[in-house]
Amino acid sequence: MTAPEPTAHPQASLLAAYATGWISWPANLAVGVHLESCSKCRSEADMLEAEFVDQLPAEPLAPDALQKLMAKLLETPVEAPSPVVNATLAGVPLPAALAGSARIGALRRLGPGSWFAPIWNSLTAQDCGIYILRAPPGQQLPRLQHTGPELICVLLGAFDDEQRYQAGDFVEIPDSSKRSLTVTADGACACLISQRRSANDHSWPSYRGGDARRSAALRARPN
């Protein structure tokens, strides 16, 4: 069964920043996760990227530049594509955008059925954070302190906040917002959240090698 297309999307300015590369790594990852399930935004981002590239000034090429490039490509052995693996973290599906530079820290319990796991990258600024958060049915999503906009992409289930947001939907919440995000009663909800943290928030766990091993064990554990 094909999943429904998302109904909540990034603002045009954020999508343009993603398409042109003028965006922080946490925000880039949040938008990229949304694009995995949203053909509308993928098409728009591709169009914006093409327009941006077309506006770049042309750089002169050496007369034999294309020939050298083709020769180099022909020398490179073609590798078979890697199989797609539907990885999960404690039952939550992990987006393909997390592959590569992203590292998942240890899962931290917040209460019965609630947990979060930080996501790290060497390019992540100290005052930015991104994490996966899971909460059970009927409970408000826990919120960490932050000073900038909060970007939320729903990975699993749904929550209510003036309207229903479900898997694939993208929500941007300003730093001054006091909104309550309540998980719907029909199942647990998990979200990927990118936010700029408050300067006085010291609850963020540091990354340690043991965290990665623990997360790998969680992903391998049967659901």
Given (1) at pLDDT 75 or above; (2) surrounded by 11 or more Cβ atoms within 10 Å (Cβ to Cβ); (3) not acidic (Asp, Glu), index of the condition residue 123 fails: (1)
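Among the residues of the stretch 48-60, is any in a loop (DSSP other than H, G, I, E, B) and small (Gly, Ala, Ser)?
yes
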Please enumerate the residues belonging to the stretch 1-38 that are polar (S, T, N, Q), surrounded by 11 or more Cβ atoms within 10 Å (Cβ to Cβ) and either outside any loop (DSSP other than H, G, I, E, B) or free of Cβ contacts under 8 Å to residues at least 60 places away in the same chain (or both). 20, 28, 37
Sort out which residues of the stretch 148-187 are of a type in the set (Phe, Trp, Tyr) and more than 16 Å from residue 28 (Cα to Cα), and write them in order of number. 159, 165
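In this structure, is residue 73 in contact with a Lys or Arg (Cβ under 9 Å, 6 or more places away or on another chain), assigned to a helix (DSSP H, G or I) and not basic (Lys, Arg)?
no
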Residues to consider are 114, 82, 24, 101; find the one that is assigned by TED's automatic domain parsing to the domain that holds residue 188 and at pLDDT below 90. 101
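The values are calculated or read from the model by the stated rules, or taken from the named source; none is laboratory data. Bear in mind that the values here come from a model prediction, so they are computed numbers and not experimental data. Quick reminder, even Gly has a Cβ in these numbers, built from the backbone with ideal geometry, and neighbours come from all protein chains shown.
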